[in-house]
Structure formats: structure tokens, C-alpha cells
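Participant: First the structure, then my questions, so here it is.
The values are calculated or read from the model by the stated rules, or taken from the named source; none is laboratory data. All values derive from a computational prediction rather than experimental measurement. Note that we place each Cβ from the backbone using ideal geometry, even for glycine, and neighbour counts take in every protein chain shown.
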Amino acid sequence: MNAHHFSNRKVLISGGCGFIGSMLARRLVGMGAQVTLMDSLIPTYGGNLANIADIRDRVWLNISDVRDPHAMSQLIRDQDYLFNLAGQTSHVDSMTDPFTDLEINATAQLSILEAARKLNPRIRIVFASTRQLYGKPQYLPVDERHPVVPVDINGIHKLAGENYHLLYHKVYGIPSSCLRLTNTYGPGMRVKDARQTFLGIWLKLVLTGQRIQVFGEGTQLRDFNYVDDVVEALLLAATRDAAIGEVMNLGSDEVISLKDLAALLVEVNGSGSWELVPFPPERKVIDIGDYYGEWSRARELLGWSPTVPLREGLRRALEYYRVHGAAYWE
Ligand SMILES: NC(=O)c1ccc[n+]([C@@H]2O[C@H](COP(=O)([O-])OP(=O)(O)OC[C@H]3O[C@@H](n4cnc5c(N)ncnc54)[C@H](O)[C@@H]3O)[C@@H](O)[C@H]2O)c1
């Protein structure tokens, strides 16, 4: 990544107080970008001012909601880049409150693109999509040609959000790229519950001396990316012409079962315990079984590959929450 690329460029991050958005902001501030963070800071989502405490005086912070088209128009009109990360991320919540998920993950995405079309069609946009939209894998590893059959409302709406970005590129030439993220973890993630990923609450449980619960047999396979690697992919996607109009999986070759992950987390922490428990019914119906992704397209188009091994990433995450946990537990 050429550190000068973002120097003095105007960058808007929607969901900028969230887990990935705040890490991205830190990198961009370090590269001399003029960074605006917009976030609704709704308590049930991942936004947390503790995530930006160290860069608070070097960014513009705008507390607003992506569902407000007027606020978004004002924010978008003079930016060079938009990292579009604001989202409702809980799969279970999307099933109990589908219309809020629709408003945030689909309708608001359309109004962001409408604002771009009318006011700033040259803005470079990177959209954070998700591997969730593939649903239950029909083969592994899952590549971008895999059928898209979401198993929950969140997957359907993220797919709509992604497709709006691709369509606005094709029809109106708005330069957008979509990354389908897999499970991302690291400092700053929501750990008070499993709304972001189960690994968040596992970090809290292991650090507060409580037992980790692994659903089912614990044999489900997953791949994980450390947040710094995801931030690198987002930055590369914003700077490579080859990425415009494209969809790319992120992923990792380090595939692990959930029970092995629980054991690894306990080992890296130096204490803790885990147990197998039956799947809660509301999770079982939307579980996708085994998943790991094929990410060679991101390597080809972005020159990206993950660099932080799982063991090291877990160590860094644990270290962060050991110091800063109090700002994240409740
Ligand atoms: N973390 C992962 O494992 C993962 C995996 C796949 C996709 N993603 C996607 O990446 C993006 C960022 O995820 P994250 O892990 O940083 O989650 P996060 O919840 O920490 O960040 C999302 C941010 O969006 C904000 N937000 C939510 N609704 C908003 C609204 N209506 N208006 C303004 N801001 C709002 C939240 O306050 C939060 O700060 C999301 O779009 C998510 O779907 C994340």
C-alpha cells in the first residue's frame, strides 16, 4: 500500500466508530487522510467511542444515521472516498426485526448511491459485504461463482446492498468495489454478546473466567481474518482500478473447527474452559454448517493475502481486552 495515496484525501467511513471502521480510520489518519467518521452509535450495534479514543482529535465525527438521506447527501458530496461499512450485523436480530435490517442494509444503501449519483459520481466506494450471502455452502472452498442462497434476512439485504453498488457502477459509472468479508476479529470488536460474531463473546468469557459454549458438535469449519488484514484489503480495493465493479471474497487458508478454535483461545489465554452445548433453536435454523472461502480473486486483483496467523491474532485481541475490556464488557 502506497502510504501517499490517501495523503490529504477526503475519506468518509460509514460505521466509522465500529470495529473495522475504527481500525481503518486509524490507518488512514496515519497516512495523512482527512477522515470523517459517521456513525449512529445505536447501543445494540458495534459502534463504541472507545474504539476511536486515541484518534478522536484527528478525525471529524458525525453522529448521524445512514437511514437519513439528507445527512448522507451532505456527507458524501465532497468526499474522494467512501468506505461503506455501516450495517446491522446480527443474523438473529435480522430475523426478529427484519424491517430494521431492510432499512439499514438495503434501503439506506440505495439512498447513499443515489446521493453519489446526483452529487458526487466520481467518489470511490468500497462496500463491506459478507460471506453470509452464500448461505449453506454447496462446495468448499466457496468461490465467488458459488450460488448465492442466503439463509437469513441479513444475507438477503446485504446481497441487495452489494448489488446496488454493482448496478450503480455498471449503469452510472460510480466506481465501487465489494469485498465479501469472512469472520473478522481483533481489538475493537463487540464482545458483550454474539451480535458481531460468536468469537467476540468468547473473548469476553475467557477473559472473565467464564466457560465458552460451543454449539452443536463443534466440528463446523470456519476461516478467520485478523482486522488489520481486512483493513489492508479495504485500502487496496479503494486504490486498484482492477477492483472497480468487482466482488471479491476475503478469507484465509487457516481453516479451523469451532471446538479447536475454543481450545486454541483457551491455550493462548493461558486459562479458561469450553463445553459443547446444543444449538439454540433460533441459531440452528440459520446455521450454515461448514464454511471457508476461496480468496484468490482478491490476491489477483488486489495483490492481497492475509498475513496475521490465527494464534497471533488471538494473542493480540486478548492483550487488547485485558487492558481495555471494561469499555467493552457492558
Ligand atoms: N466483522 C465481521 O466478521 C464481518 C463479516 C462480514 C461482513 N462484515 C461487514 O463489515 C461491516 C463492518 O462490520 P464491523 O464488524 O465493523 O461491525 P460493527 O457493528 O462494529 O460496525 C458497524 C458500524 O455501523 C454502525 N451503524 C449501524 N447502523 C447504523 C446506521 N443506521 N447509521 C449509521 N451507522 C450505523 C454501528 O454503530 C457500527 O459502528 C458491516 O457492514 C458488516 O456487515 C463484517
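Participant: Among (1) within 15 Å of the ligand (Cβ to nearest atom); (2) assigned to a strand (DSSP E or B); (3) within 16 Å of D287 (Cβ to Cβ), which single condition is C178 missing?
Facilitator: Condition not satisfied by C178: (3).
Participant: Condition first: among the polar types (S, T, N, Q) and more than 6 Å from the ligand (Cβ to nearest atom). Now tell me which residues in the stretch 15-43 satisfy that.
Facilitator: S22, Q34, T36
Participant: So which residues in the stretch 45-78 are among the hydroxyl-bearing types (S, T, Y) and either modelled with pLDDT of 95 or more or more than 9 Å from the ligand (Cβ to nearest atom) (or both)?
Facilitator: Passing the criteria: S64, S73.
Participant: Still on this structure: Across the stretch 2-19, what is the total count of residues that are more than 16 Å from the chain's Cα centre (by Cα) and assigned to a loop (DSSP other than H, G, I, E, B)?
Facilitator: Residues flagged as more than 16 Å from the chain's Cα centre (by Cα) and assigned to a loop (DSSP other than H, G, I, E, B) within the stretch 2-19 amount to 8.
Participant: Right, here's the next one. Which condition from (1) in contact (Cβ under 8 Å) with a residue 12 or more places away in the chain; (2) over 18 Å from Y226 (Cα atoms) is the one that P43 breaks?
Facilitator: (1)
Participant: Now, a different point. Can you tell me which of R56, R27 is surrounded by fewer than 24 Cβ atoms within 10 Å (Cβ to Cβ), free of Cβ contacts under 8 Å to residues at least 24 places away in the same chain, assigned to a helix (DSSP H, G or I) and out of contact with any Pro (no Cβ under 8 Å at 6 or more places or on another chain)?
Facilitator: The match here is R56.
Participant: Taking the conditions exactly as written (among the hydroxyl-bearing types (S, T, Y), buried (at least 18 other Cβ atoms within 10 Å of the Cβ) and within 15 Å of the ligand (Cβ to nearest atom)), does T89 satisfy them or not?
Facilitator: yes
Participant: Kindly indicate whether any position in the stretch 74-92 is outside any loop (DSSP other than H, G, I, E, B), touching a residue at least 12 places away in the same chain (Cβ under 8 Å) and farther than 29 Å from F6 by Cβ.
Facilitator: Among the residues of the stretch 74-92, at least one is outside any loop (DSSP other than H, G, I, E, B), touching a residue at least 12 places away in the same chain (Cβ under 8 Å) and farther than 29 Å from F6 by Cβ, which makes the answer yes.
Participant: Which numbered condition in (1) within 16 Å of the ligand (Cβ to nearest atom); (2) assigned to a loop (DSSP other than H, G, I, E, B); (3) at pLDDT 95 or above is the only one that R195 fails?
Facilitator: (3)
Participant: Right, here's the next one. Pairs please, first residue from the stretch 173-200 and touching a residue at least 24 places away in the same chain (Cβ under 8 Å), second anywhere and assigned to a helix (DSSP H, G or I) and within 7 Å of the ligand (Cβ to nearest atom), Cβ atoms under 7 Å, 6+ apart in sequence or on different chains.
Facilitator: Note: pairs meeting the criteria are R180/R131; L181/R131; T182/R131; T184/I20; G188/F19; M189/F19; R190/F19; Q196/F19.
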